[in-house]
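Undergrad: Dumping the structure here so I can ask a few things about it.
Here, each number is a calculation from the coordinates, and none is a lab measurement. These numbers were taken from a predicted model, which means no experiment stands behind them. Here Cβ is always computed from backbone atoms with ideal geometry, including for glycine, and neighbour counts include all displayed protein chains.
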Amino acid sequence: MKKSILFIALVAATGSLLAQKKTTTSGTINFDATTSLDKMPKAENKTVIVAMDPSNGKVAFEVPIKNFTFGNPKMQEHFNSPGWLDSEKYPTATFKGNITNLSAVNLTSDGTYDVNAEGDLTIHGVTKPVKATGKITVKGSALAINAEFPIKLADYNIDAPQVGAGKVSKEPIITVSAELQ
């Protein structure tokens, strides 16, 4: 009887461990707005909070806008200015959504799985639906997520002169990566 109770308790504990949220405070987001006229509009932010609930596929991230770094400090200044992302008024960007094909991921078996996500992205005070493709890599109890999607700057009321001049892409590519524990 004691062995049966111990076995049931072990199975229940294992199930609850798998259902726990996976998080990190050191995810990375890359912003690539390069064009044929200018290869410099690239930024990286390594202070992204990312969370995923493996039990239902809910995923979210929050990124502090001021923590994007560019190779050129002047670009970083422009990026944070009122004409661009206005990081004083809108200090963070967020995503809240779901992995739409979670059934294609075996969270109990090491491997890399193709995933699709949909949700709401908020930048510059504007929220728009987005779709992303990516991969989840399962390695033991850790998950690594990688996703990529384009955004349209005009959708988020970002229309700086550099965009009109062709020096910055109207549709930059956003890449998110994180190792979740």
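Undergrad: Keeping to the stretch 108-136, report how many residues are touching a residue at least 12 places away in the same chain (Cβ under 8 Å), out of contact with any helix residue (DSSP H, G or I) (no Cβ under 6 Å at 6 or more places or on another chain) and exposed (fewer than 15 other Cβ atoms within 10 Å of the Cβ).
TA: Count: 11.
Undergrad: Based on this model, can you work out whether Thr69 counts as surrounded by 14 or more Cβ atoms within 10 Å (Cβ to Cβ) and either in contact (Cβ under 8 Å) with a residue 12 or more places away in the chain or polar (S, T, N, Q) (or both)?
TA: The answer is yes for Thr69.
Undergrad: Tell me which residues, restricted to the stretch 131-163, are aliphatic (A, V, I, L, M), under 17 Å from the mean Cα position of the chain (by Cα) and part of a loop (DSSP other than H, G, I, E, B).
TA: The one that is aliphatic (A, V, I, L, M), under 17 Å from the mean Cα position of the chain (by Cα) and part of a loop (DSSP other than H, G, I, E, B): Ile151.
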